[in-house]
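The values are calculated or read from the model by the stated rules, or taken from the named source; none is laboratory data. What you are looking at is a predicted structure, and each value in this text was computed from that prediction instead of being measured. Quick reminder, even Gly has a Cβ in these numbers, built from the backbone with ideal geometry, and neighbours come from all protein chains shown.
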Amino acid sequence: MIRYFTAGESHGPALSAIVEGMPAGVPISSEEINAQLARRQQGHGRGGRMKIETDKAEVLSGIRFGKTIGSPIALVIKNRDWENWTSTMAQFEKPDEEITKITIPRPGHADLAGRIKYGFDDIRPVIERSSARETAARVAAGALSKAFLKTLGVEIGSYISAIGPAAEPSANPQLTELLSQGAEAVSTQADISPVRMIDKTTEAAALAAIDAAKESGDTLGGIIEIFITGVPPGFGSYVQHDRRLDAALAAAIISIQAIKGVEIGSAFDNAGKPGSQVHDEFHLITEHGIVRKTNRAGGLEGSMSSGQVIHLRAAMKPISSLVTPLLSFDIESLQPTLSRFERSDTCAVPAAGVVAEAVVAPVIANALLEKLGGDHLDEIQKRLALYRENIRNTFFT
């Protein structure tokens, strides 16, 4: 099974990731990994840090001649901004110059709870590790699973349906056509937009909203739509809580910094309707096998994949670090004061969509490996082909 760990601070020397459990024989190129990192850095509303960094991953192990070899894959992404923080973030020798302590927590961030939990007298260590800069390492790690899944006909894509007050009025009519080409077609279309939107009217409204928020020193959140195509029915399991595919996908997405809600299909809309208007009926058509006219369940039934497109939605809150500060207090004096500003973005929703693609990839890959097993791509491909053939023979003849 695939698992990964990340390490590194926002302004430390580098971010790193170790990916364990990747099958052997999966073709990987540095261009594939770095293309995902470049996508994460894009988007109207990003802050000054993106002008400093040009994220590229260095692979230290686990790949030979462009293919995985079954051993742990180590990735390193150097922080170019480290040269400006060598004193503040020195690992060993404490610098001679005085380093200003941060004692004013930002509402909505990990600042206060993190300081209390770890017993710091300075909020800086909390800021450094809780920062969304860490997601660069997750995107690099997730790129490996995305490449693995693509060799099996499984694709992951995303787009942004809302930023602040700018939201699509209804389901986007272009989606059906794009999804028929695979989920990556959704991302390809979305990546053309500076806010990763498909609807041009909504895009214009989002750009204006971000500019207005920046002008007023505020921030904006939004809604991310994630799609996974090519997943056969029966991945995941209902027999134990920790094998439920919907739970694992929701956990992966909610683990992304600033994500506060996850929806599967049209779950919240479904909650206000009777069952007769919610569940996806089966239509048995001889030449096409099992067909459904709706996908309100988002491709997941009984905690398993249904064979339809998996559709997830994520709600991202506005970023916590505001140029126009909110009320806070000084931990040392216990006196009320305005919050402090840590260099940040006005809106990072477009980038969060790329992160969401990355974090769900290992979840889907593990559901596949749990069902099929295998240590080399060749045997996994053969087992998946046999599984698909068995399904066709059972229902499509």
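Every residue, every condition in (1) crowded, with 21+ Cβ neighbours inside 10 Å; (2) out of contact with any strand residue (DSSP E or B) (no Cβ under 8 Å at 6 or more places or on another chain); (3) closer than 23 Å to Gly299 by Cα, yes or no:
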{"residue": "Ala162", "(1), (2), (3)": "yes, no, yes"}
{"residue": "Ala167", "(1), (2), (3)": "no, no, no"}
{"residue": "Ala171", "(1), (2), (3)": "no, yes, yes"}
{"residue": "Glu184", "(1), (2), (3)": "no, no, yes"}
{"residue": "Ala190", "(1), (2), (3)": "yes, no, yes"}
{"residue": "Met197", "(1), (2), (3)": "yes, no, yes"}
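Where strands (runs of 3 or more DSSP E) fall entirely within region 244-330, those with at least 1 residues that are touching a residue at least 60 places away in the same chain (Cβ under 8 Å), within 30 Å of Ile123 (Cβ to Cβ) and out of contact with any strand residue (DSSP E or B) (no Cβ under 6 Å at 6 or more places or on another chain) are at 327-329. For region 27-34, the count of residues that are exposed (fewer than 13 other Cβ atoms within 10 Å of the Cβ), without any contact (Cβ under 8 Å) to a residue 60 or more places away in the chain and either in contact with a strand residue (DSSP E or B) (Cβ under 7 Å, 6 or more places away or on another chain) or within 28 Å of Pro325 (Cβ to Cβ) (or both) is zero. Of the residues making up region 212-243, those that are in a helix (DSSP H, G or I) and in contact (Cβ under 8 Å) with a residue 40 or more places away in the chain are Ala213, Lys214, Arg243. Take Ala361 and tell me if it is under 21 Å from Ser71 (Cβ atoms), in contact (Cβ under 8 Å) with a residue 24 or more places away in the chain and small (Gly, Ala, Ser). Here the answer is yes, as Ala361 does meet what is asked.
Within region 336-348, does at least one residue satisfy the condition of being surrounded by 15 or more Cβ atoms within 10 Å (Cβ to Cβ), in contact (Cβ under 8 Å) with a residue 40 or more places away in the chain and more than 28 Å from the chain's Cα centre (by Cα)? Yes: region 336-348 contains one or more residues that are surrounded by 15 or more Cβ atoms within 10 Å (Cβ to Cβ), in contact (Cβ under 8 Å) with a residue 40 or more places away in the chain and more than 28 Å from the chain's Cα centre (by Cα).
Looking at region 361-397, which of the residues that are within 28 Å of the chain's Cα centre (by Cα), part of a helix (DSSP H, G or I) and small (Gly, Ala, Ser) is farthest from Pro233 (Cα to Cα)? By that ranking, first place goes to Ala361.
Among the residues of region 105-129, those identified as buried (at least 19 other Cβ atoms within 10 Å of the Cβ) and in contact with a helix residue (DSSP H, G or I) (Cβ under 8 Å, 6 or more places away or on another chain) are Pro105, His109, Asp111, Arg115, Ile123, Val126, Ile127. Scanning region 149-160 for residues that are in a strand (DSSP E or B) and not small (Gly, Ala, Ser), we see that the one that is surrounded by the fewest Cβ atoms within 10 Å (Cβ to Cβ) is Glu155. Residues of region 230-242 that are within 24 Å of Phe395 (Cβ to Cβ), of a type outside the set (Phe, Trp, Tyr) and surrounded by fewer than 22 Cβ atoms within 10 Å (Cβ to Cβ): Gly230, Pro232, Pro233, Gly234, Ser237, Val239. Applying the condition of being part of a loop (DSSP other than H, G, I, E, B) and of a type in the set (A, V, I, L, M, F, W, C) to region 1-38 and asking which residue is modelled with the lowest pLDDT yields Met1.
Based on this model, can you work out whether Lys146 counts as assigned to a loop (DSSP other than H, G, I, E, B) and either under 20 Å from Glu357 (Cα atoms) or not hydroxyl-bearing (Ser, Thr, Tyr) (or both)? No. When region 113-135 is filtered for residues that are of a type in the set (A, V, I, L, M) and touching a Ser or Thr at 6+ places or on another chain (Cβ under 9 Å), the ones remaining, listed by number, are Ile123, Ile127, Ala132.
Leu178 meets all of the listed conditions (1) without any contact (Cβ under 8 Å) to a residue 60 or more places away in the chain; (2) closer than 22 Å to Ile253 by Cα; (3) of a type in the set (A, V, I, L, M, F, W, C) but one, namely (2).
Helices (runs of 4 or more DSSP H) fully within region 39-132 that include at least 2 residues being at pLDDT 95 or above, farther than 29 Å from Ser158 by Cβ and within 26 Å of the chain's Cα centre (by Cα): 111-118, 124-130. Pairing each residue of region 119-140 that is more than 20 Å from Ser87 (Cα to Cα) and among the hydrophobic types (A, V, I, L, M, F, W, C) with any residue that is crowded, with 20+ Cβ neighbours inside 10 Å and at pLDDT below 95, provided the two are 6+ apart or on different chains, yields C-beta distances under 6 Å for Ala136/Asp55. Working only within region 247-262, note down all residues that are under 11 Å from Val360 (Cβ atoms) and either exposed (fewer than 15 other Cβ atoms within 10 Å of the Cβ) or small (Gly, Ala, Ser) (or both). Across region 247-262, the qualifying residues are Ala248, Ala250, Ala251, Ala252, Ser255.
With respect to (1) hydrophobic (A, V, I, L, M, F, W, C); (2) surrounded by fewer than 19 Cβ atoms within 10 Å (Cβ to Cβ); (3) in contact (Cβ under 8 Å) with a residue 12 or more places away in the chain, the lone exception for Phe65 is condition (3). Against the conditions (1) surrounded by 17 or more Cβ atoms within 10 Å (Cβ to Cβ); (2) within 25 Å of the chain's Cα centre (by Cα), where does Asp269 fall short? Just the number, please. Every listed condition holds for Asp269 apart from (1).
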